[in-house]
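What follows is a short report on a single structure.
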Amino acid sequence: MFKPFYVLLALLPLAATLQEPAPIPALVIPPEAAALVNPTKSTPQGLAMARKMYGYDCAMCHGANGNGKGELVDSMKLTLKDYTDRASLQSRTDGELFYIIQKGSGPMTGEGDRQKPAEIWNMVTLVRSFAKN
Ligand code: HEC
């Protein structure tokens with residue numbers, strides 16, 4: 001009988017509990033999704049619809065004006081970008097924003113099938129429109 005082996009086996013569950021919690025996986029956006037160009041024209045109607053949906057689904061985290069200071073930020077310990085600063089989204093393509101809004105990112109749940117693609121593109125336009133400078 002090879003005892004040390006059984007001792008090791010017995011310790012395995014303990015080793016598992018000592019491990020760090022799994023980090024949130026970094027978001028990987030497929031290049032073909034990132035390269036998509038916003039096919040919808042910015043219209044007052046489209047923006048109004050997007051603003052309504054933003055109020056229901058996004059403002060509690062990203063803030064009513066996109067400044068990243070929604071009411072859930074403290075309790076969920078979120079650090080969000082300030083979209084009123086144009087630089088905050090400069091490195092993102094419209095395709096990337098679409099992908100993130102549709103699929104989500106970390107603690108953010110995506111819109112998934114709840115919104116049609118055209119409606120999500122309007123959200124992209126809205127999020128861009130928060131920038132003041
Ligand atoms: C539960 C809180 C929460 C909600 C609700 C939420 N988000 Fe997010 N969002 C996040 C977090 C956290 C990130 C990742 C951190 C960051 O990029 O600021 C993020 C990232 C993003 C990004 C990508 C920014 C970047 O450059 O990485 C966009 C765009 C975005 N959210 C838009 C939206 C829109 C539009 C909605 C509503 C349909 C929404 N979010 C709903 C928390 C939330």
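The values are calculated or read from the model by the stated rules, or taken from the named source; none is laboratory data. The shown structure was predicted, so the numbers you read here are calculated from the model rather than taken from an experiment. Don't worry about glycine lacking a Cβ; one is built from the backbone with ideal geometry, like all the others, and counts go over all protein chains shown.
Only one of Ile120, Ile100 is under 21 Å from Pro31 (Cα atoms), outside any loop (DSSP other than H, G, I, E, B), within 7 Å of the ligand (Cβ to nearest atom) and not charged (D, E, K, R); which? Write out each step before concluding.
Working: Ile120 fails: within 7 Å of the ligand (Cβ to nearest atom).
The match here is Ile100.
Test Tyr83 against the criterion of being free of Cβ contacts under 8 Å to residues at least 60 places away in the same chain, near the ligand (Cβ under 9 Å from one of its atoms) and part of a loop (DSSP other than H, G, I, E, B), and give yes or no.
Answer is yes for this residue.
Considering the stretch 25-44 alone, what residues qualify as being surrounded by 13 or more Cβ atoms within 10 Å (Cβ to Cβ), in a helix (DSSP H, G or I) and more than 13 Å from the ligand (Cβ to nearest atom)?
Applying the first criterion (surrounded by 13 or more Cβ atoms within 10 Å (Cβ to Cβ)) to the stretch 25-44 yields 27, 29, 33-34, 36, 38, 40, 42.
Next, from what is left, pick out any that are in a helix (DSSP H, G or I): 33-34.
The one that is surrounded by 13 or more Cβ atoms within 10 Å (Cβ to Cβ), in a helix (DSSP H, G or I) and more than 13 Å from the ligand (Cβ to nearest atom): Ala33.
One line per residue, one yes/no per condition, for (1) buried (at least 18 other Cβ atoms within 10 Å of the Cβ); (2) hydrophobic (A, V, I, L, M, F, W, C); (3) modelled with pLDDT under 95; (4) closer than 19 Å to Glu32 by Cα:
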position	(1), (2), (3), (4)
Thr84	no, no, no, no
Glu96	yes, no, no, yes
Ile101	yes, yes, no, yes
Gly106	no, no, yes, no
Ala118	no, yes, no, yes
Asn122	yes, no, no, no
Leu126	yes, yes, no, no
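Could you tell me whether the stretch 45-59 includes any residue that is free of Cβ contacts under 8 Å to residues at least 60 places away in the same chain, in a loop (DSSP other than H, G, I, E, B) and among the polar types (S, T, N, Q)?
no
Only one of these is part of a loop (DSSP other than H, G, I, E, B), within 9 Å of the ligand (Cβ to nearest atom), without any contact (Cβ under 8 Å) to a residue 12 or more places away in the chain and polar (S, T, N, Q): Ser75, Ser91. Name it.
On the way: Ser75 fails: within 9 Å of the ligand (Cβ to nearest atom).
Among Ser75, Ser91, only Ser91 is part of a loop (DSSP other than H, G, I, E, B), within 9 Å of the ligand (Cβ to nearest atom), without any contact (Cβ under 8 Å) to a residue 12 or more places away in the chain and polar (S, T, N, Q).
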